[in-house]
1. Has the stretch 43-53 got at least one residue that is surrounded by fewer than 17 Cβ atoms within 10 Å (Cβ to Cβ) and of a type in the set (Val, Ile, Thr)?
2. Take the residues of the stretch 341-367 that are out of contact with any Asp or Glu (no Cβ under 8 Å at 6 or more places or on another chain), in contact (Cβ under 8 Å) with a residue 12 or more places away in the chain and not hydrophobic (A, V, I, L, M, F, W, C): which is nearest to residue 288 (Cα to Cα)?
3. If a residue must be open to solvent by less than 70 Å² (accessible area, probe 1.4 Å) and part of a helix (DSSP H, G or I), how many such residues does the stretch 200-238 contain?
4. From the set of residues in the stretch 343-390 that are aromatic (Phe, Trp, Tyr) and assigned to a strand (DSSP E or B), which is least open to solvent (accessible area, probe 1.4 Å)?
5. Could you list, in sequence order, the residues of the stretch 410-439 that are among the charged types (D, E, K, R), over 21 Å from residue 345 (Cβ atoms) and open to solvent by 10 Å² or more (accessible area, probe 1.4 Å)?
6. Among the residues of the stretch 22-33, what is the count of those that are closer than 15 Å to residue 421 by Cα and open to solvent by 10 Å² or more (accessible area, probe 1.4 Å)?
7. Only one of 180, 190 is in a loop (DSSP other than H, G, I, E, B) and open to solvent by less than 70 Å² (accessible area, probe 1.4 Å); which?
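The values are calculated or read from the model by the stated rules, or taken from the named source; none is laboratory data. No experiment lies behind these values; they were computed from the predicted model shown. Glycine gets a Cβ as well: all are built from the backbone with ideal geometry, and neighbour counts include every protein chain shown. Note: accessible area is taken over every heavy atom of the protein model, side chains too, but ligands, DNA and RNA are not part of it. Shrake-Rupley method; radii C 1.70, N 1.55, O 1.52, S 1.80 Å.
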Amino acid sequence: MSVMALIGGQWGEEGKGKFIEILAEQAKVVVRYSGGGHIRQPIINEQGRFNLQFIPRSIFNNKVITILGAGMVLDPKRVVEEMEALASNGVNLKRLFISEQSHLIMPYHPLFEEQERRVYGTPIIDTLGSGLGPAYADKVSRIGIRVGDLIQEEQFLSRLSKTLTVKNDILTKVYKQEPLNLREIYQQYLSYGRAMRERIFDTRLILQKAVEDNHTIILESDQGSMLDLDFGSYPYVSNASPTVGAACIGCGLPPTVIKASLGVFSAYIVRSQTGPFPTEMTKEEGSPLVSFRSQDNSRGGRRATNPITGEKYRRYGWFDTVAARFVAQLNGLTSLAITNLDALDTFKTVKICTEYQVYDTNVRRFPSDIATLKVATPVYEELPGWESPTAHIKNYEELPINCQNFIKRIGMLVGVNVDIVSTGPDQKDTIVLRDPLRAVNISRVMGNYG
């Protein structure tokens, strides 16, 4: 049996989605255990074009059980739309299961998010207008509504009526908004419950059986690990915990079963949020990446703009090994995957941040306080670029030697082996140097980086 956690190692947009499809070839179960509803790369395959925000890409493998875990917060309207789009294109949904313990985004949550952002000026981190933050707040306050409530009609009505009474009071008296209609919400959400009924289950039982039968399980995070609610640069963080430590809580497995953890890192950093960003490129430095992403989007690949937050929040940065070492230590990473190498194909010089200068001191540990992070200046190691195409290369030896040196240097500085190199958005554009499901040596990660 192998249980692996797959996480994004930066601030999101690392391109980890394709690895779910690749690893699913060896797995019995794939679970997304946190978050939900964030903008993702479109999926184009022989069955059509899909925009899946909630359902993992393992759904296209009809031998794999795909689970939306208890740690997720779901927009049922969107989930049903995704299910219908998949089914209409011939994708089998019989192996899709939704945890009855996952929480729901309700119609009042986006309204509260909008008003709270206006009043408090909270940073734009999660998908704007989704209602994720207020939904998580209700979950912690023990007034949230869960997926399982939708198929218990009397219980659902009781919980909804009590909650909506309070929410409407706040909407009308504090935010001067129109109240929401109980009957409309109740009927609409019952229809979602009916559409999902056959897929709603106590998914812990599936996972426990998979462990007992010695099957391989992949646990997928949502968003990047640097946005972790507790260990990210608070308050510029997500509402969820997209780390390996949160995987067991979000799916219902004991921590002792996780034997491997793969961190996906982009060769350059993309940050679509506000907040400190030590290795952020200048506009001139980042202009080739803007052009690259625009061209790639025209081919149906990575998105050039975020349709919710807009391009003005997309920022680019050089690879940061201070942050990457922190992520490796925090998550106990056993393998790294590097993506988006082809974006750097035209650079004469590529930079890797090896440490920060904070006033008159150089540090190699990621600061835990926002004040220190804001004044941190990156110290770079410059490497010669490869200035030749790397897209779609399938053998490591065929990569330009300078590109190979860049990859090796990242692994050395982070302290974890680079086991996978992605050279394009398709599964076939992947170089596997070592099977990450069997990579468990993390001895170098715990070294002294004073």
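1. In the first step, residues of the stretch 43-53 are kept if they are surrounded by fewer than 17 Cβ atoms within 10 Å (Cβ to Cβ); the result is 44-49, 51.
Pick out the ones that are also of a type in the set (Val, Ile, Thr) and you get 44.
Yes: the stretch 43-53 contains one or more residues that are surrounded by fewer than 17 Cβ atoms within 10 Å (Cβ to Cβ) and of a type in the set (Val, Ile, Thr).
2. Step by step, filter the stretch 341-367, then rank; the result is 342.
3. Going through the stretch 200-238 one residue at a time, the tally reaches 8.
4. First pass over the stretch 343-390, keeping only residues aromatic (Phe, Trp, Tyr): 347, 356, 359, 366, 380, 386.
Checking the rest, the ones that are also assigned to a strand (DSSP E or B) come to 356, 380.
Working: 356: 0, 380: 71 Å².
By that ranking, first place goes to 356.
5. Narrowing the stretch 410-439 to residues among the charged types (D, E, K, R): 419, 426, 428-429, 434-435, 438.
Filter once more, so that each one left must be over 21 Å from residue 345 (Cβ atoms): 419, 434-435, 438.
Within the stretch 410-439, 434, 435, 438 qualify.
6. Step one: of the stretch 22-33, the residues closer than 15 Å to residue 421 by Cα are 22-23.
Going one step further and asking which of them are open to solvent by 10 Å² or more (accessible area, probe 1.4 Å), we end up with 22.
Matching residues across the stretch 22-33 total 1.
7. Values: 190 fails: in a loop (DSSP other than H, G, I, E, B).
From the options 180, 190, the qualifying one is 180.
The rows are residues; the columns are (1) surrounded by 18 or more Cβ atoms within 10 Å (Cβ to Cβ); (2) charged (D, E, K, R).
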{"position": "100", "(1), (2)": "yes, yes"}
{"position": "108", "(1), (2)": "yes, no"}
{"position": "117", "(1), (2)": "no, yes"}
{"position": "131", "(1), (2)": "yes, no"}
{"position": "157", "(1), (2)": "no, no"}
{"position": "198", "(1), (2)": "no, yes"}
